[in-house]
Every structure is written in C-alpha cells, then in structure tokens.
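Undergrad: Take a look at the following structure, please.
The values are calculated or read from the model by the stated rules, or taken from the named source; none is laboratory data. Not measured: the values here are computed from a predicted model. Glycine gets a Cβ as well: all are built from the backbone with ideal geometry, and neighbour counts include every protein chain shown. Please note that ligands, DNA and RNA were not included when accessible areas were found on the heavy atoms of the full protein model with its side chains. Shrake-Rupley method; radii C 1.70, N 1.55, O 1.52, S 1.80 Å.
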Amino acid sequence: MKLFVNDRGFYKSLMLIAVPIALQNLITVAVSMMDTLMIGQLGEVQLSATSIANQLWFMLMVVCFGVAGGANVLIAQYWGKRDVEVIRRVEAITYKIGMAAAVVFSCVALFFPRQFMGIFTTEEAVIDFGVQYLRILGWSYPFYTAANLTIMMLRSVGTVNISIAVYLASLVVNTSLNYVLIFGKFGAPRLEVRGGAIATVCARLVEFGIAAGYLFLKEKKIRFSLRDLLPSNRGIYKKYFCVSMPVIGNELMWGIGTSITAVVIGRMGTNFVAANSIYTVINQLVSVMIFGVGNAALTVVGNTIGAGEYEKAKQRSVTLLALSVVLGLFSAAVTLALGPVVISFYNFSEATISIARGITRVGALIVFFQSLAITGMVGILRAGGDAKFVLICETAFLWGVAVPLGFVTGLILGWPAPAVFLCLKCDEILKTVVSSFRILGFKWLRDLTVRD
C-alpha cells in the first residue's frame, strides 16, 4: 500500500468540503468576536458574565455535536452506498433527540439562570448580568439546534455551501443588532447585555429560517420531509444508538470537562475569565481550518469505507494525518503572530492583558496537537466506527489527567494562570500520541452498513 494519496480528485474532494466548513467556522468566529468586542466595551464584569452564561449554550452545542456526530458516521457510510431511505430515518431520530435536549436547556436558561451562574462564579455582579442575558437567550436554543443539526448532517453527503449562507446572514443580523441594541443607537434603548442577547435570538431565528427553507424546498440529495418524523424507525434504532451513544458520550464528557475547566478559571478571578475570552477568540480564528479538515476527513473516509474501498480508506487516513501535522505547525505560528494583534483591541487592565499574552503562548503549543487530535479522532477514527476508543481516550485523559491537574494547580497550589492553562489543556497532547498509533494500526476500520 502506498503511504500517501497522489490522486488530485481526493484533494479536490477534501477541499470542497473543508474550505466551506472553514469559512462557516470563520463567520461563526466573527460573530463571537463582535459579541466579545462590543460587550467588552461595557467592562470586564459584563464580558465575564456573558462568557460564563454562554457555557450553557456551549453545552447545548456539545450535545448537538454528539447527536449529529453519531448520525454523521452512519450517514457518511450509507451515502457511500447511496442508501437514501436509511439516511432519512437516521436524520429523523437525530432531530427528535436534539430538539428534546434543546427544550431541557431552554428550561435551565429561563427558569434556573441564577443557579447555573452560581456554579461558575461567586461574584454577585457577574451573576446578575448573566441572569439578564440567559433569560433572553434561552428562547433561541430550539432554533439554534434545528438549524445546527441540519447543517451538520448535510455535510456527510457533501452539501456544505448552505452553511456559509446561513452563518453569513447570522453575522450581519447579529452584528448590526448588537451595535444598535447594546449601545442604544438610532433611537433604540441602550440595553447593554440584554441587547446582545436579543441580537443573538434574532440571528438564531434567521439561521433557522434559511436552514429550514433549504432543507424542505431546495435540498435534492436526501429529500427529507416532516413525514419522515412520523415513523418509529425501530429498525435503525439499535444501530443508531450503538454508533451514536459513544459519540454523544464523548462529546458530553468533553463538554462537561471543558465546563469544569471554566469553573477553575472562573474561581481564579475575573481577570483570568476575561483573558480566556480573548484567547478563545484567537483560538477560534486559528482553528477554523482544523475543524474543516477534521469534518472533511469524517465525510471522505466514511464515504470511502461505505463504498467498500478499504485499502483506499487506509491510504487516505495516513495522508490526512500527515496533512494535520502541517496544518498544526501553521496554526501554531499564526497563533503567535495573531495574539498581540487581537489582544491590542481590548482596553482591559494590565493584569488581564498579561494573562492573555501568557495563555496565548501556551495555546500556540496546544493548537498543534489539537490539529492532529481533531483530524485523527473526530475525523478518521469516528469515520471507521471506532467511536468507543475515542470515548475512552477522551474520558481518560481529560478527566483522569487534565481536570484534576487544573483543580490542584489552580485552586490549591495557586500556580500562575498560564501554567494552570497548560495543565487544563494537556489532554490534547496525550490524545494525539495515542490516537496516532491507533490510526496507523488500522484496527479501527469497520463498515457499519453491513448486516442491517
């Protein structure tokens, strides 16, 4: 077997999927960046409040990634066989589970916002602003979930350009309304953090409208309809849950672990929270292509396995792993170069800026390993049906190493913020080493479409 792919068609297919996803991610980051910049003008307390409040949305996003991620493994392989009927059944199950989760998260935001904020911080001013934000934002969760699931599942059949239209419209709506409502421009009342929440709700409504319109009026590959939600789909439930549950569990373990790291950061003070918000924007900007390649890897490798071309799948997996090394080095260099530029946009205290500089330097190291971990675990291993290994790997290193180290160094030993940040992110390094050996052993490759 040749180690690397020299087929131009493979690289073309990869880019046709990866680039639109990267552009979508870039637009999403732009939305987050504008939110951070505008709310940041109100003060560090308001920025910290919205940053913590958005942990609830982040947890919902993780659930969506898990539910759709499990579905995408099946959809990618069944699309390799062009079995559209089964794909529609998988999509129906995914929508039912995702929307049920969205309702639960909305209830938390609308009825228990103070209790949720209290998990992450004890500062009353931060909690009060967070409560204002969540009681409005909670209405957007079902619309976000429906649009997000639609976009993510369409990726597995190579339909990715719709996401650019959805999130570009969201960027325009969110940024415009943020400016008007946060600062009270053009005769509108000055609503500050509540204005930011209203703008986000409006943007989510626009996302939902465009995604739903495309799904029911324009999409021609799968032709999903509301009627597909009615059957019980019992025949596919067992396979769906066997594949999806490890992916959902993986995303939940990662998401909860990430939220726990936010607890550590929040308990170490507002300066660390604000600095981490700045770094998050930098990391999101730098990693857009990493996530694009990772998602493209799942689709390309999954389609190849579904078509029965196992040797080609092996060759493509090695090539993708090598590409992730190059992408990781590039991303690390960009992080170091971009960090001072982004940090200069914020008029925060010297303590906050100093922490932001320190964790950005640490982040440059972490993003290299992040590139390999996402392409290897989220892309290649999941595409081959090896979600259980990914779950075990994620849980062991995040919960067994990174989270305990973060608690001890941050809340007990009182280490400097950059050192604590490295401990909280060290699981990326460990996952990369183990998953790379797993990929090169090829024991992960399975055709999930056989024996229905």
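Undergrad: Towards the positive end of the charge dipole of the chain, with charges on Cβ (+1 Lys, Arg; -1 Asp, Glu), say which of Met99, Val342, Asn283 has the farthest Cα.
TA: Met99
Undergrad: How large, in percent, is the carbon and sulfur part of the accessible surface of the chain at a probe radius of 1.4 Å?
TA: About 68 percent, which is the carbon plus sulfur part of the accessible surface.
Undergrad: While we're here: Towards the positive end of the charge dipole of the range 1-144, with charges on Cβ (+1 Lys, Arg; -1 Asp, Glu), say which of Gln132, Val5, Asn72 has the farthest Cα.
TA: In the range 1-144, that residue is Val5.
Undergrad: State the label only: which of [x] 58, 46, 36; [y] 69, 66, 41; [z] 65, 44, 41 corresponds to Cα extents along the principal axes in Å computed from the shown model?
TA: [x]
Undergrad: Nothing charged except the Cβ atoms of Lys and Arg (+1) and of Asp and Glu (-1): what's the magnitude of the dipole of the range 256-412 about its Cα centre? Round to the nearest 20 debye.
TA: 40
Undergrad: Moving on to the next point. Would you rank Phe369, Phe437, Phe208 by solvent-accessible area, highest first, keeping every protein chain in place and using a 1.4 Å probe? Walk me through the numbers before you get to the answer.
TA: Values: Phe369 40, Phe437 160, Phe208 75 Å².
Heavy-atom accessible area, descending, gives Phe437, Phe208, Phe369.
Undergrad: About the Cα centre of the range 334-452, what is the dipole size in debye to 20, counting +1 per Lys and Arg Cβ and -1 per Asp and Glu Cβ, all else neutral?
TA: Computed about the Cα centre, the dipole is about 220 debye.
Undergrad: By its C-alpha gyration tensor, with a ≥ b ≥ c as the square roots of the eigenvalues, how is the range 332-441 shaped: rounded for a/c under 1.5, else prolate for a/b larger than b/c, else oblate?
TA: The shape class here is oblate.
Undergrad: For a quick protection proxy, order the peptides 272-278, 102-108, 288-294 by their average other-Cβ count within 10 Å, most packed first.
TA: Most protected by this proxy first, the peptides run 272-278, 288-294, 102-108.
Undergrad: Using only helices, what value at 222 nm comes out for the chain when you add -39,500 (n - 2.57) per DSSP H run of length 4 or more and divide by the total residues, to the nearest 500 deg cm²/dmol?
TA: After summing the helix terms and dividing by residue count, I get -26500 deg cm²/dmol.
Undergrad: Taking the full set of protein chains and a 1.4 angstrom probe, give the accessible area of Leu226 in square angstrom, rounded to the nearest 10.
TA: Here the residue's solvent-accessible area equals roughly 110 Å².
Undergrad: From the residues Val401, Ile439, Thr352, which one has its Cα farthest along the dipole of the range 313-452 in the positive direction, the dipole being from +1 and -1 charges on Cβ of Lys/Arg and Asp/Glu about the Cα centre?
TA: Ile439
Undergrad: Measuring with a 1.4 Å probe in the full set of protein chains, what accessible area per residue, in whole Å², belongs to the range 1-128?
TA: 40
Undergrad: Could I ask something else about it? Return one whole number: the accessible area per residue of the range 150-208 in Å², for a 1.4 Å probe.
TA: For the range 150-208, the per-residue accessible area is 37 Å².
Undergrad: At 1.4 Å probe size, with every protein chain present, just tell me what the per residue accessible area of the range 312-452 comes to in Å².
TA: 42
Undergrad: OK, next. Going by accessible area, probe 1.4 Å, with all protein chains left in place, what is the ranking of Trp139, Trp399, largest first?
TA: Values: Trp139 165, Trp399 85 Å².
Ranked list, largest accessible area first: Trp139, Trp399.
Undergrad: Under 8 Å for C-alpha pairs, at least 6 residues apart: give me the relative contact order for the chain, rounded to a whole percent.
TA: Over the chain, the number comes to 23 percent.
Undergrad: First check a/c for the range 141-254, with a ≥ b ≥ c the square roots of the eigenvalues of its C-alpha gyration tensor; if it is under 1.5, answer rounded, and if not, answer prolate when a/b is larger than b/c or oblate otherwise. If you can, show how the numbers build up before the last one.
TA: Details: a/c = 2.78, a/b = 1.91, b/c = 1.45.
Prolate is the answer for the range 141-254, as a/c is 1.5 or above and a/b outweighs b/c.
Undergrad: If you find the alpha carbon centre of the range 101-158 and of the range 8-67, how far apart are they in angstrom?
TA: Result: 14 Å between the Cα centres.
Undergrad: How large is the charge dipole for the chain, taken about the Cα centre, if only the Cβ atoms of Lys, Arg (+1) and Asp, Glu (-1) carry charge, to the nearest 20 debye?
TA: Here the chain has a charge dipole of around 1320 debye.
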